[in-house]
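Q: Sharing a structure, written as structure tokens. Questions coming.
The values are calculated or read from the model by the stated rules, or taken from the named source; none is laboratory data. This one's a predicted model, so the numbers in the text were calculated from it and none came from an experiment. FYI the Cβ positions are ideal-geometry reconstructions off the backbone, even for glycines, and counts take in every protein chain you see.
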Amino acid sequence: MNVGPVSQDRSRSARCTVTTSWDDGHRLDRELADLLVRHGIAGTFYIAPRNHEIDPHQRLGPAGIRELAQRFEIGAHTLSHQRLSRLPDARAAQEMRAGKQELEEITGSAVTSFCYPCGDYRPVHLRQARELGFSLARTVRRGFLDPGPPLELRTTVNAYAHRVDALAALRMARLRPRAAGRLYLDWDELAISWFERCLAQGGVYHLWGHSWEVAARRDWQRLERVLAHIGGRPGVRYLANGQLIDGRVT
């Protein structure tokens, strides 16, 4: 799909901020990190150091986490990637606390960003996140250029083709069926289209995903296409998630 020429008006592109985030703590995060560095794009890796959904041999171990921390922000994702709403409140708080503490011990730095596993949370978890010292907590809500409240941070696009996004694709394509079909079937087209919209109207463009999912769907080429398109733009700011609340985004 032709999304039109990139704006050459720096006053417009200067209002666009790009951030990315990558969840779970799989060993393939190192390969994804290399792609981000290659294209000059910042990001946050949300890691559950004892993720029960990932084979222990496939998890990103302490050495890998320390290596990532030298180049990117590390965020917490609970200790073992538990859906918070399925846990008693005290157990949920302990999962959040233990994940944060283990990452801080590994990296030697404070961890102040958090991502709700599977985007699953209730109001009590917002309070717990605040009490544990998190200044930002990311959700899985997508389709936004306004990040919203710091403890319910919204995103723009997921590096994954969601089949429930037909109506959103139709709106993005301005009711043109053929263009909407491309956006619906190809998440990279949707990601590029959202970026062009951010350039035109300003805001925070937030791409997120999972390295293991990119690999499983053989989407590395799609991801690199998107990163090459959004990276290295004059006037565009590239920030980690935690930097969005440091007063530098207006």
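Q: Applying the selection to region 18-37, what residues are outside any loop (DSSP other than H, G, I, E, B), in contact with a Leu (Cβ under 8 Å, 6 or more places away or on another chain), surrounded by fewer than 24 Cβ atoms within 10 Å (Cβ to Cβ) and charged (D, E, K, R)?
A: Within region 18-37, Arg30 is the sole residue that qualifies.
Q: Please find, among Arg237, Arg233, the residue that is basic (Lys, Arg), touching a Cys at 6+ places or on another chain (Cβ under 9 Å) and under 26 Å from Gly25 (Cα atoms).
A: Numbers: Arg233 fails: under 26 Å from Gly25 (Cα atoms).
Checking each option against the conditions leaves just Arg237.
Q: May I pose another question? Hey, does region 154-169 have a residue that's part of a helix (DSSP H, G or I), at pLDDT 95 or above, under 18 Å from the mean Cα position of the chain (by Cα) and not polar (S, T, N, Q)? Steps first, please.
A: If we filter region 154-169 for residues that are part of a helix (DSSP H, G or I), which is where we start, we get 166-169.
From what's left, at pLDDT 95 or above: none.
Within region 154-169 (the criterion being part of a helix (DSSP H, G or I), at pLDDT 95 or above, under 18 Å from the mean Cα position of the chain (by Cα) and not polar (S, T, N, Q)), the answer is no, since none of the residues qualifies.
Q: Another one. Within region 38-69, can you find the residues that are closer than 19 Å to Phe114 by Cβ, assigned to a loop (DSSP other than H, G, I, E, B), in contact with a strand residue (DSSP E or B) (Cβ under 7 Å, 6 or more places away or on another chain) and in contact (Cβ under 8 Å) with a residue 40 or more places away in the chain?
A: Passing the criteria: Ala42, Gly43, Ala48, Ile54.
Matching residues to (1) part of a helix (DSSP H, G or I); (2) at pLDDT 95 or above; (3) more than 17 Å from the chain's Cα centre (by Cα); (4) closer than 18 Å to His39 by Cα:
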site: Leu175; (1), (2), (3), (4): no, no, yes, no
site: Arg178; (1), (2), (3), (4): yes, no, yes, no
site: Glu224; (1), (2), (3), (4): yes, yes, no, yes
site: Gly242; (1), (2), (3), (4): yes, yes, no, no
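Q: Now for a separate question. Does Arg142 satisfy being within 18 Å of Trp208 (Cα to Cα) and among the basic types (Lys, Arg)?
A: Values: within 18 Å of Trp208 (Cα to Cα): yes; among the basic types (Lys, Arg): yes.
When the stated conditions are applied, Arg142 passes them.
Q: Follow-up. Out of Arg130, Arg142, report the one residue that is over 23 Å from Ala69 (Cβ atoms), surrounded by fewer than 15 Cβ atoms within 10 Å (Cβ to Cβ) and among the charged types (D, E, K, R). Show your work before the answer.
A: Working: Arg142 fails: surrounded by fewer than 15 Cβ atoms within 10 Å (Cβ to Cβ).
Within the list Arg130, Arg142, the selection yields Arg130.
Q: Looking at region 192-207, can you tell me whether even one residue there is surrounded by 19 or more Cβ atoms within 10 Å (Cβ to Cβ), on the phi > 0 side of the Ramachandran plot and at pLDDT 65 or above?
A: Yes, some residue in region 192-207 is surrounded by 19 or more Cβ atoms within 10 Å (Cβ to Cβ), on the phi > 0 side of the Ramachandran plot and at pLDDT 65 or above.
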